[in-house]
1. Could you please tell me which pairs satisfy a Cβ distance under 7 Å, a separation of 6+ or placement on different chains, a first residue in the stretch 68-83 that is loosely packed, with under 13 Cβ neighbours inside 10 Å, and a second residue that is assigned to a loop (DSSP other than H, G, I, E, B) and modelled with pLDDT of 90 or more?
2. Between a first residue in the stretch 24-44 that is touching a residue at least 12 places away in the same chain (Cβ under 8 Å) and a second residue that is among the acidic types (Asp, Glu) and in a strand (DSSP E or B), which pairs have beta carbons less than 6 Å apart while being 6 or more apart in sequence or on different chains?
3. Consider the stretch 8-26. How many of its residues are in a loop (DSSP other than H, G, I, E, B) and either modelled with pLDDT of 90 or more or surrounded by 14 or more Cβ atoms within 10 Å (Cβ to Cβ) (or both)?
4. For the stretch 44-63, which positions are out of contact with any Leu (no Cβ under 9 Å at 6 or more places or on another chain) and either over 17 Å from residue 78 (Cα atoms) or part of a loop (DSSP other than H, G, I, E, B) (or both)?
5. If you take the residues of the stretch 40-60 that are of a type in the set (Gly, Ala, Ser) and at pLDDT 90 or above, which of them is farthest from residue 21 (Cα to Cα)?
Amino acid sequence: MRVHLPAREHGRMDPAAALCTIRISGHLGPTVLSAFPAMVPQRHGTQTVLTGLLDRSALYGGLAEIETLGLDLLEVRQLVPDRKSPEPGDSPSP
């Protein structure tokens, strides 16, 4: 018998949506891009970068769609708002 332990996030609500980018190899046509209505496509050389505000469910759905379409996923990145980065040697605030 297999036992699957729940993920740490199991049962929690989705965190707030965050700005995400998904980098895919190749140029996507309008038909394939219609599978990602919440994302804005941009061409970068031989790659397509999709950018949009996604919550975790939408992100996982988009990644599943990429796999289903047989696209070559290169990178997924969550963009964070600009804020002052701690300097080396700074102690964390309590």
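1. From residues that are loosely packed, with under 13 Cβ neighbours inside 10 Å, the pairs are 72/26.
2. Once the first residue is touching a residue at least 12 places away in the same chain (Cβ under 8 Å) and sits in the stretch 24-44, its partners that are among the acidic types (Asp, Glu) and in a strand (DSSP E or B) give 25/72.
3. Number of matching residues: 2.
4. 44, 45, 46, 55
5. Let us first name the residues in the stretch 40-60 that are of a type in the set (Gly, Ala, Ser), namely 45, 52, 57-58.
Then drop every residue that is not at pLDDT 90 or above, which leaves 45, 52.
Working: 45: 16, 52: 7 Å.
For the stretch 40-60, the residue satisfying everything is 45.
The values are calculated or read from the model by the stated rules, or taken from the named source; none is laboratory data. Worth saying up front: this structure is predicted, and the values here are computed from it rather than measured. Neighbour counts run over all protein chains shown; Cβ positions are idealised from the backbone, glycine included.
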